[in-house]
Amino acid sequence: MYSYTKEKKFPKRRLIVSLSCLLIAAAAFLTYEYSMKNPAKDTSVFKEDTTPVLSLPSSAEEEKGIQPFAVKAEVVLDYFDGKDNKVDSMTKFEGVYRANQGMDYSFNKEAFDVLASFSGEVSDVKEDNIFGKSVTITSKDLSITYQSLSDITVKKGDKVNQKDPIAKAGSNIYNKELGNHLHIVVEKNGKIIDPELMYGKTNAEIK
């Protein structure tokens, strides 16, 4: 047998449930409306990067040997190639004629900047009582010694680029009469060659 009190409570419960559903639906609708008007910012770390990227060349043209100066220096002592006894390729020192194993350049006996003919690493810097100060730069199997220098600006172990100034032309006792000048010796695979053979050629083309 049902009591009057319990029967009176059921309509109130149904009303409370209905109101709760309406409130939940209203809250969901308002949340949806707000999200549509105020979309959330994308904080994903996988966003596409639109920053322009600099494209690098696939390969750089191999450098070619240059004369180790920018001034109009002239050859004052040629390379002795062994084919003939040219006077202009021999040096008289202490009464004895000696074949020139390199090439000597002069700019009116004035000091001038000595430049690296090839990029490479400074493998030696030294000073000799007879031949003066020198710098040797190695580029793969090519070794270039710049001699009779002054004001050297590099040290052993330095990396240099082609055309970098490494010193100034100076003087030495061996070729005292030449005054300020540059003496250059070029070796390919340990063999001394005519410096003229490297100008305008890549390392691989030098024989």
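Readers should treat all values here as calculations from the given coordinates under stated rules, not as data from a laboratory. All values reported here derive from a predicted model rather than from experimental measurement. Neighbour counts are summed over all protein chains in view; Cβ atoms, including those assigned to glycine, are modelled from backbone coordinates with ideal geometry.
General observations
- Residues of the range 94-115 satisfying the condition of being loosely packed, with under 13 Cβ neighbours inside 10 Å and not small (G, A, S): E94, V96, Y97, R98, N108
- Annotation note: of T202, T136, the sole residue that is polar (S, T, N, Q) and without any contact (Cβ under 8 Å) to a residue 60 or more places away in the chain is T136.
- A single entry from Y174, Y146 fulfils the requirement of being aromatic (F, W, Y) and assigned to a strand (DSSP E or B): Y146.
- Qualifying position, being farther than 28 Å from N108 by Cα and over 27 Å from the mean Cα position of the chain (by Cα), among K191, K156: K191
- For the range 174-200, taking the residues that are of a type in the set (D, E, K, R) and surrounded by 13 or more Cβ atoms within 10 Å (Cβ to Cβ), the one that is nearest to R98 (Cα to Cα) is identified as D194.
- The lone exception for I137 - which of (1) among the hydrophobic types (A, V, I, L, M, F, W, C); (2) surrounded by 16 or more Cβ atoms within 10 Å (Cβ to Cβ); (3) more than 16 Å from N203 (Cβ to Cβ) it fails: (3)
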